[in-house]
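Here's the structure we're looking at; comments come further down.
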Amino acid sequence: MIDRYSSKEMKNIFSLNNKFRKYLDVELALIDYLYSINKITNEEYEKIKTNANFDLEGILNLEKETKHDVIAFTRNVSSYLGEEKRWIHYGLTSTDVVDTASAVIYKEANDIIYTKLLKLKEVLKEKALEYKTTPCIGRTHGIHADITFFGLKWALYFDELNRDLDRFLSVRKDLETGKISGAVGTSIYLPLEAQSFICNKLNINEANISTQVLQRDRHAFYISTLSLIGGLLEKIGLEIRNLARTEVHEVSEYFSKNQKGSSAMPHKHNPIGSENICGCARILRGYMVSIYEDMALFHERDISHSSVERVALADAITLLDYMIERMTKIISSLIVYPSNMLKNISMTNNIIFSQRVLTELINLGYSREKAYDLIQPLAYEAYENNIDFFELIKKNKELGSLFSNDKIESFKTFDFYYQNVEKIYKKVGL
């Protein structure tokens, strides 16, 4: 991922230096195992544990010759050792190291993402509680529909994020899995206990069965979850963008003192953060396709998945980390205009209360069809001719005698629309 969308933490985690550091951790966990079964002497063990190391430049130079990064790594490590170097990479195949080390790297990244998701959850909770009783117009198909409350939008996102958190906790376990099973998965040069020992040492899960590689359904499931989280962030961003439109102006992103919105138009104040998040979500979904295609490999393995994961998986994790952090900041600093929400509720001459009138007529004994056909033309006339909906009701020969002024005023009260909000909040855990 480009530097613009990479946090310092993620750049360190997916750096070459950290990758080879984790490779060495796997190799040293193997040494611990070999020592535990008395395969190597105490003297050999101490020398390896004390002296085993690597240097990045040396690995990269060797890789130019060997065209194989793991062989370059093991030979570089061996250069720091004496005869005891024979135990480095003993019984392993390259992917034993790569997949197991990657699991540790992914775990480090997942810890960061999870922490940031929890921060986002708190911000969503704050917004839901702050605007719990703030009425606004609900829109379906982009058209004014009925009264809702601004806090319910955030309660909805809060609830979805809770589902995403459950998914993430489940799927990260799949990805944080190691394998030590040899070239074709038969574990013939190291016993099955070696895998358990090494994965336990590295604090990751272990595969029940593998070929030369872990099966990539784990990675596919993981990227689908990242894409779902990205989809939630996109959903929030799209809502902010729509509510920030000049004609709507119910929210706006924070605009710093010297920030500029346009090189040509000094007045511009654009929701660029939310637009950025929507674009990033598209990238995430694009990566998902490539990683799903990694599931089918030749026989016990080929390396067609490797190039994809070096780019797509690391980028997807890094990108989502950036998206979560940026969206959390956008929401935290969001400027909200409750007065404009009230203004927008009133802009369509009270036709948004048509469902209340419809329901009341049904309660009075009208059929739904008759009530609907009485109200619809009045609502259209009110909207098209800029006439108050209730004034037309009062003047209507059939409806005018049914509703007193007090009854009509009661149709406009927001308390009616709030009656189940508390229960909804309780159901989502707020």
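Table for the structure above
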{"read-out": "Segment 28-111: C-alpha gyration tensor shape, a/c 1.5 cut-off, then a/b vs b/c", "value": "oblate"}
{"read-out": "Percentage relative contact order, segment 114-182, counting C-alpha pairs under 8 Å, at least six apart", "value": "29"}
{"read-out": "Percentage relative contact order, segment 295-430, counting C-alpha pairs under 8 Å, at least six apart", "value": "17"}
{"read-out": "Accessible surface of the chain [probe 1.4 Å, protein heavy atoms]: carbon and sulfur percent", "value": "51"}
{"read-out": "Global form of the chain, assessed from the alpha-carbon gyration tensor, a/c cut-off 1.5", "value": "prolate"}
{"read-out": "Per-residue HN-Hα couplings for segment 369-378 [Karplus 6.51, -1.76, 1.60; θ = phi - 60°; Hz; x = Gly/Pro]", "value": "5, 5, 4, 4, 6, 6, 7, 4, x, 5"}
{"read-out": "Accessible surface, segment 260-321, averaged per residue in Å² (probe 1.4 Å)", "value": "54"}
{"read-out": "Extension reserve of the ILE37-ILE209 stretch, reckoned as 0.36 nm per residue once the Cα distance is removed", "value": "59.6 nm"}
{"read-out": "Contact order relative to length of the chain, as percent, for alpha carbon pairs under 8 angstrom and 6 or more apart", "value": "17"}
{"read-out": "Nearest-0.05 FRET efficiency for LYS329 and TYR90, computed from C-beta distance (R0 60 Å)", "value": "0.75"}
{"read-out": "Potential lengthening between ASP55 and SER170 on full extension [0.36 nm per residue; Cα-Cα distance subtracted]", "value": "37.8 nm"}
{"read-out": "Label zone at LEU192, where the point sits 7 Å out along the Cα-to-Cβ direction: segment 199-217 residues whose backbone N lies under 15 Å", "value": "206-211"}
{"read-out": "Sequence-distant residues sharing a close amide H with GLU206 (under 5 Å, placed H)", "value": "GLY178"}
{"read-out": "Electrostatic dipole magnitude of the chain [Cβ: Lys, Arg +1; Asp, Glu -1; Cα centre; debye, to 20]", "value": "920"}
{"read-out": "Residues of segment 1-109: accessible area per residue with a 1.4 Å probe, Å²", "value": "49"}
{"read-out": "Structure-based [θ]222 nm, the chain - -39500 (n - 2.57) summed over DSSP H runs of at least 4, per residue, nearest 500", "value": "-20000 deg cm²/dmol"}
{"read-out": "Segment GLU122-LYS412, length gained on full extension (0.36 nm per residue, minus Cα span)", "value": "101.0 nm"}
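The values are calculated or read from the model by the stated rules, or taken from the named source; none is laboratory data. What you see is a predicted model; the values in this text were computed from it and never measured. Don't worry about glycine lacking a Cβ; one is built from the backbone with ideal geometry, like all the others, and counts go over all protein chains shown. Quick note on the areas: whole protein, heavy atoms, side chains included, nothing else; ligands and nucleic acids left out. Shrake-Rupley method; radii C 1.70, N 1.55, O 1.52, S 1.80 Å.
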